[in-house]
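The values are calculated or read from the model by the stated rules, or taken from the named source; none is laboratory data. Because the structure is a prediction, the values reported are computed rather than measured. Here the Cβ is made from the backbone with ideal geometry for all residues, glycine too, and neighbour counts use every protein chain on show. All accessible areas refer to the heavy atoms of the entire protein, side chains included, with ligands and DNA or RNA removed. Shrake-Rupley method; radii C 1.70, N 1.55, O 1.52, S 1.80 Å.
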Amino acid sequence: QPVVDSQSETLVSFEALLRWNNAEHGSISPAKFIPLAEDTRLIVPIGEWVLREACREAMKWPQHVRVAVNVSGEQLLDGNFAASVIGALSATGLAPNRLDLEVTESIFVRDSNLAQAALEQVMALGCQISLDDFGTGYSSLGYLRQMRFSNIKVDRSFVQGAATGNPESLAIIRAVVAMAD
């Protein structure tokens, strides 16, 4: 999924999206298979595979184009998370500044100290960290003070509302931008 700079309209990155096409059942929604993978902890090896493949694919792109990869809470809280990021970067040769790891607010509810420590380790490598789907039920301003996110991605419901002129959605987006600044 491409990410384009809204002012220059130039391509800046791609977000890696995981899809499952099953021979027997056809296309299976991530809304169905990701929770199952998380419950069974298969999300950790799946996430590591996605990370490696996304980095490998990004090596084919121009040097200024980054790749964003969603990281599950199970994956982030796994003790080998930083090592898996280092392994993916080393195996593919991708520069750390071209990797953007996307996390959701829910990871801070489970174990905010461990999550923050893992994110700080990969930030120290030069990777970007984005807060994905901001405003979807776990909103807390405390971790916005503690973490330095490269990007804050406002939940699409607010963006869609703003596009239709909804004053509440516009106010929320303005407030998030002000907090990010």
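Each Lys and Arg adds +1 at its Cβ and each Asp and Glu adds -1 at its Cβ; summed about the Cα centre, the range 34-148 shows a dipole of about 420 debye. Other residues within the sphere of radius under 13 Å centred on the Cβ of Pro30, judged by their own Cβ, net out at 0 (K and R +1, D and E -1). If you take all other residues with their beta carbon under 15 Å from the beta carbon of Asn166, and give Lys and Arg +1 and Asp and Glu -1, the sum is 0.
Rg then Dmax, both in Å and based on the Cα atoms of the range 1-84: 14.8, 44.
Computed on protein heavy atoms with a 1.4 Å probe, the accessible areas place Val159, Val71 in the order Val159, Val71, largest first.
Provide the convex hull volume over Cα atoms per residue for the range 40-94, in Å³.
Hull volume normalised by residue count: 67 Å³.
Reported value for the range 82-123: 65 Å³ per residue, from the convex hull of its C-alpha atoms. Note on log10 I(q)/I(0) by the Debye sum over Cα atoms at q = 0.12, 0.13, 0.17 Å⁻¹: of the candidates (1) -0.68, -0.76, -1.08; (2) -0.61, -0.72, -1.22; (3) -0.56, -0.66, -1.06, the value calculated from this structure sits at (2). Can you give the relative contact order of the chain as a percent, counting alpha carbon pairs under 8 Å and 6+ residues apart? Result for the chain is 15 percent.
Computed about its Cα centre, the charge dipole of the range 30-98 is approximately 320 debye, with only Lys, Arg, Asp and Glu carrying charge at their Cβ. Note on Ser6/Ala31: beta-carbon distance plugged into 1/(1 + (r/R0)^6) with R0 of 22 Å gives a FRET efficiency of 0.20.
Measuring r between the beta carbons of Ala124 and Ala23 and using R0 = 30 Å, the FRET efficiency lands at 0.10. Projected onto the charge dipole of the range 1-110 (+1 at Lys/Arg Cβ, -1 at Asp/Glu Cβ, origin at the Cα centre), which of Ala68, Ala88, Phe33 gives the Cα projection farthest towards the positive end? After comparing all options, I get Ala88. Around the amide H of Arg66, modelled in the peptide plane, lie the amide H atoms of Ser13, Phe14, all under 5 Å away and 5 or more residues distant in sequence or on another chain. Computed with a 1.4 Å probe over protein heavy atoms only, the accessible area of Thr164 comes to about 120 Å². For the range 28-69, the solvent-accessible area with a 1.4 angstrom probe is 59 square angstrom per residue. Annotation: Ser157 carries an accessible surface of approximately 60 Å², with a 1.4 Å probe and no ligand, DNA or RNA atoms counted.
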